[in-house]
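To start, the structure itself, in structure tokens.
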Amino acid sequence: MHEPEFEPRDPDYRNRVFVGFARQKFMKLLGARVISVAPGAVEIDLALRPELEQQHGFAHAGVAWTIADNAAGFASQSLISADEGILTVELKINLLAPAKGERLIARAKVIRAGQRLTVARSDVYTAADGKETHVATALGTFMAIDRKSVV
């Protein structure tokens, strides 16, 4: 299948992704970090620890949802103009396997970028002992907004 190639509207898109991500206090609380940024693609990494587990000792699904949403949202943001921001309109997630490991990794790619709406996919993996396990796939819709309206 052909991967779409995207041209960012903002030449400083990488920096805007890193700055926007750093402004999210919730991501700091979780310990998530952006690993890579390319036009229409973002990877987020999160070290798993006991506070992020549910009652059976697996990573809580809310943690997987959160980094899937952020990766897809920032992948979408990498393609918009400098005077726009991104808001999640909808995100559906399929949990494929219990998330047990040392890290959670979300890899997102934009599928289609429109003028106002962007569709992106996030695949979430656990990593342990050098092996990755695919634990979730999310599909979301993201809306470009005028940044002045939310500042």
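Taking a Cβ cut-off of under 11 Å around Arg49, the surrounding Lys, Arg, Asp and Glu residues balance to a net charge of -2, with basic ones at +1 and acidic ones at -1. Comparing Leu46, Leu96, Leu79 in a Gaussian network model of the chain (Cα springs below 10 Å), the most mobile by mean-square fluctuation is Leu96. Using C-alpha pairs under 8 Å with a sequence gap of at least 6, the mean separation divided by the residue count of the chain gives a relative contact order of 24 percent.
Here the dipole of the chain is about 260 debye; that uses its Cα centre as origin and unit charges on the Cβ of Lys and Arg (positive) and Asp and Glu (negative). The lysines whose alpha-carbon is closer than 28 Å to the alpha-carbon of Lys100, local same-chain residues fewer than 8 away aside, are Lys25, Lys28, Lys92, Lys109, Lys131. Using a 10 angstrom cutoff on alpha carbons, build the Gaussian network for the chain and name the most mobile of Leu91, Leu52, Leu139. Of the options given, Leu52 has the highest mean-square fluctuation. Helix content alone sets the calculated 222 nm mean residue ellipticity of the chain: runs of n ≥ 4 DSSP H residues at -39500 (n - 2.57) each, divided across all residues, give -6500 deg cm²/dmol. The relative contact order of the range 53-100, computed from alpha carbon pairs under 8 Å that lie at least 6 residues apart in sequence, is 50 percent. In order along the range 137-143, the phi-based Karplus estimate (6.51 cos²θ - 1.76 cosθ + 1.60, θ = phi - 60°) of 3J(HN,Hα) comes to 10, 10, 10, x, 10, 10, 10 Hz; Gly and Pro are listed as x.
Taking every alpha-carbon pair under 8 Å whose residues sit at least 6 apart, the range 1-73 reaches a relative contact order of 23 percent. Using the 1.4 Å probe convention, the accessible area of the range 51-151 works out to 51 Å² per residue with neighbouring protein chains retained. Note on the chain: Rg/Rh from Cα positions, Kirkwood definition for Rh, rounded to two decimals, is 0.97.
Averaged over residues, the count of other Cβ atoms within 10 Å places the peptides 21-29, 70-78 in the sequence 70-78, 21-29, highest first.
Which value, in Å to one decimal place, does the Kirkwood hydrodynamic radius take for the range 63-151 when every pair of different Cα atoms is included?
13.4 Å
Just to confirm the number: angle between the C-alpha axis of helix 61-77 and the first principal axis of the chain, 0 to 90 degrees, nearest 10? Between the helix axis and the principal axis of the chain, the angle is about 20 degrees.
The values are calculated or read from the model by the stated rules, or taken from the named source; none is laboratory data. Keep in mind that this is a model prediction, so the values were computed, not measured. So basically every Cβ, Gly included, is an ideal-geometry build from the backbone, and we count neighbours across all protein chains shown. Heads up: the accessible areas ignore ligands, DNA and RNA and are worked out on the full protein's heavy atoms, side chains in. Shrake-Rupley method; radii C 1.70, N 1.55, O 1.52, S 1.80 Å.
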